[in-house]
Structures are given as C-alpha cells and as structure tokens.
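Below is one structure, written out as structure tokens; the observations come after it.
The values are calculated or read from the model by the stated rules, or taken from the named source; none is laboratory data. Just so you know, these numbers come straight off a predicted model, no measurement behind them. Cβ placement follows ideal geometry from the backbone for every residue including glycine, while neighbour counts extend to all protein chains displayed. Heavy atoms of the whole protein, side chains included, go into the accessibility calculation; ligands, DNA and RNA do not. Shrake-Rupley method; radii C 1.70, N 1.55, O 1.52, S 1.80 Å.
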Amino acid sequence: MDLRALLTTHVKLRHLVIVLAVAEQGSLVRAAEELYLTQPALSRALREAEHAIGAPLFERTARGMVPTLAGEACLEHAKAIVGHLSTLRRRVEELADPASGLVKVGAHVTGANLLLPRAVARLTAEKPRVEVRLREAPPETLIQELGNGDLDLLVGRVTDHPSTARLRLVPLYREDFRIVAAPWHPAHAIPEVSLQDLADYRWVVPLANTPLRDELEQNFRNAGLAPPAQQVESGAPATVRTLVVEAGFLALMPESMALAEPDVKILSLHLNGLAQQVGLLLHPDRPLAPSAALLAEKLREVGDEMARELAERALSSSDVLGEG
C-alpha cells in the first residue's frame, strides 16, 4: 500500500457520503434534505467528488440521478469504507465501555428458529447492557446490508453459491430440509409417496435465485417433472407456516423447525441435495466489534450442541428403523 500517495489524494470521506446519499435518494433535492445541506452546496460537493475521482459519477435522467459505471464502482467502495468506519467507531466505544455494545445480526429462516435465539439469550445473560438488533429479510438483501456495514454478521444456510462467493463462511452444523404439510393433508395417506405424487399440489417455494429454490427445482427436473404450477414464493417463515397449516400448501422447512412446530407434519420423502450447512456468514476483511465477536462465539457453542442433538436424533431414528 502506497501510504504517501494516499496523503495527497483529493478524495475525502465527505465526498463518499455525498455519493452514497445521492444514490440512495435518487435526486439532488432529496439528498440535500437528507444531509441538511442546500442544493447548491451539495451540487458543488458532488462536482468536487467527480473531479477527485476523475470521472462523472451520475447521469441526470427522467428517473432521477442514475450512477454511471464509474459511479457504481465508487458506490461499492464507498459502502465498504463507510461500513468499516462505522464498525471502527463501535469497537472504540465498546473498548471504552466493555459492558455495553450493539450487535446487528441478520437471519434468513435457517437458524432463525433455534440457533440464533439461543445464542442471543446467552449473550444478553452474560452482557445485559448489550443491545441486539435482529433483521430478517431475503438472503440477497441481507448480504448487501452486510457488505454495507448495516449488519455485523449473518446466520443462515452456508453453501457455495454466487451470492456468497465474497463472504467468509463458517459452518456450524448440518441439517436436512424436509417437505411438510398440515396433518390433515391427503399426501400423508399416499404409501411410499414420490415427488410425482406431490407435483400437482400447491406449494409455497423458496425465493427465486436462492440455493434452496435451485435445488428443489433440480429435484423435479431429475424426476422428469416440471416444477409445481401452483406455487407461492415466500421466504418469510410466518407466511410459509400459515399457508401450510391453514391453506394446505406443501413447503420445505429445516427439520428442527418442522419438529418444533406442532401444526405441521413431515412427509417421509427425502429429496436429494437439500441437506444444509447452517453457520455464520461474515464480511471477509471487516473485524467484528467485541459484542458481535461474543455473539459469534455463542453461536458456535449452540451450533456444536445442535450438531450433537441432530446426530443423536438421526441415530435414534436409525435404531427405530432397524427394529422395524
């Protein structure tokens, strides 16, 4: 790294903040209001940013201020830099007052029902003054917020996928996704149920362009079937549960979640490739603040316990089958 060259750079933090605000608001007027600046002052600052970076960063269109290719590149780095500074500020604050802190963690279905609540309970029991903000959203949204510094870490499915290629993945335990239905659903009465038997029922399926959705559809294709024609797409656990329990949809659920839910019943059919690694998704080069690092430690503890629980359950199930 050429530190001397950085001393002479004309790019300032305020330039990056201006660029982020204009991109977020989509107009100079709204960005100026957001930053409590006059529009002429913000326009001058944006011109300074473009001069310092050496390229136009936005185009004025009928849809508002649209980033150029150089603007997109600038935004990517600006988000990372601002995210690092935010984490740095919180690390320093927690070093000054170790008993307090803030952890911002994202979760998407997997791990949100048992792993994360158990770990958060242990963290807050040990450090009662730590504030924990939980965020549930689609994976692509959470990954973007992790990159921006809006989240410290993610809890969920750990898999090789383009969406997670830039993250540091820390597997904690392995768990199956199972097909579930309401106890009264007619699919439970089908002996040796197959995917073909289920193709004509209504499904609530995972969000498009996620590994779980890709693997579910691959199972249908491998069986020579088209994906279900009657389907609802959702990544919200409460919505999935209601559609299953009250409307008779089929769905995929993590096994631990399905077993803990008394109003759903697991079908006997196992699908290929739907076993999952549950774990942590971390920014590759942003250190965690102390409270976030402690939560990561608690997640590892609970993950180890859940791995043992799932192994014991699998062993118990195999013993029952052997006796049968």
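Points to keep in mind about this one:
- Pairs of lysine residues in the chain - Cα separation under 20 Å, sequence separation of 8 or more or cross-chain: 5
- According to the Kirkwood relation over distinct C-alpha pairs, the hydrodynamic radius of the range 2-102 is 14.9 Å.
- Probe 1.4 Å, protein heavy atoms only - accessible area per residue of the range 13-99 in square angstrom: 60
- Per-atom-type breakdown for the range 173-324 gives carbon and sulfur 50% of the accessible area (1.4 Å probe, protein chains only).
- Comparing Gly149, Gly54, Gly279 in a Gaussian network model of the chain where C-alpha atoms under 10 Å apart are linked, the largest mean-square fluctuation is found at Gly54.
- Cα-Cα separations in the range 100-245 greater than 28 Å, expressed as whole percent: 30
- The GNM of the chain, with springs linking C-alpha atoms under 10 angstrom apart, assigns the highest mean-square fluctuation among Gly156, Gly235, Gly147 to Gly235.
- Per residue solvent-accessible surface (Å²) - the range 165-324, probe of 1.4 Å: 50
- The eigenvalues of the Cα gyration tensor, multiplied by 5 and square-rooted, give the range 181-324 an equivalent ellipsoid with semi-axes of 30, 21, 15 Å from largest to smallest.
- In degrees, nearest ten, helix 211-222 long axis to first principal axis of the chain (Cα): 40
- Per-bin percent of Cα-Cα distances, the range 225-280 [5 Å]: 4, 14, 26, 27, 20, 8, 1
- Here r is the Cβ-Cβ distance between His77 and Asp214 and R0 is 41 Å; the resulting FRET efficiency, rounded to 0.05, is 0.85.
- Once the Cα gyration tensor of the chain is diagonalised, semi-axes √(5λ) in Å: 44, 26, 16
- GNM top mover of Ile143, Ile53, Ile179 - the chain, alpha-carbon springs below 10 Å: Ile53
- Working from label points 7 Å from Cα in the Cα-to-Cβ sense, the Arg133 to Arg174 distance is 3.7 nm.
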